[in-house]
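For reference, the structure discussed in these notes is given below.
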Amino acid sequence: AETFWVRCQVADSEAAQLRAIEHARLAGDHREEAQNWGILAGSAIYGPLPVEDGIRRCEEVLARFGDNPSVRARTTRALACLWAMRGESGRARELIQTARAMFVDLGQTYALASSAESSGLVEMLAGDLAAAEQELRRGVELLEGMGERAYLSTLGAMLADVLELADKDDE
């Protein structure tokens, strides 16, 4: 699933993720099944799934696996983006803040830093480029502080898009 994901073949990644979920279910590995559902929830942001179906998927994941804090945080993060895509910026902002607080409580610094992708997207969709820039810069700073480079390129590209949209070409 990850091989497809990094190639931006989200539909194929989803299909592989669903197979992984089925194998985990058949093996009786509830933890692995829950983690895979949490990952699948996030793919609703970038895949071919319509927004309404993505929201339903995330709500189903929360109903089934919401007792798992990591899955709950990841799924809440995905829901924030989906609500933003639906034009409900206020709800999206609340959800992203909730997800970020969960990542802090869980001590998941990498997830917190990478959530800037979602908070930046929420602000971009809301039309608040200054807030999107702030969110993305915060994520970039956290990742740089960790010495992380792989995801840093994603946030850097998003930040460049926001700066270009804001006519800050010099940056």
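The values are calculated or read from the model by the stated rules, or taken from the named source; none is laboratory data. Remember, it's a predicted structure, so these values are computed and weren't measured experimentally. So basically every Cβ, Gly included, is an ideal-geometry build from the backbone, and we count neighbours across all protein chains shown. Ligands, DNA and RNA are stripped out before the accessible areas are found, and what is left, the full protein with its side chains, is counted by its heavy atoms. Shrake-Rupley method; radii C 1.70, N 1.55, O 1.52, S 1.80 Å.
Couple of notes before you dig in:
- So L163, is it modelled with pLDDT of 95 or more and in a helix (DSSP H, G or I): yes
- Looking across segment 135-158, just one residue is polar (S, T, N, Q) and touching a Ser or Thr at 6+ places or on another chain (Cβ under 9 Å), and that is T154.
- Those helices (runs of 4 or more DSSP H) lying entirely in segment 1-105 with at least 1 residues open to solvent by 40 Å² or more (accessible area, probe 1.4 Å), modelled with pLDDT of 95 or more and more than 20 Å from S115 (Cβ to Cβ): 10-27, 51-65
- Take the conditions (1) under 15 Å from the mean Cα position of the chain (by Cα); (2) open to solvent by 40 Å² or more (accessible area, probe 1.4 Å); V122 misses just one of them, which is (2).
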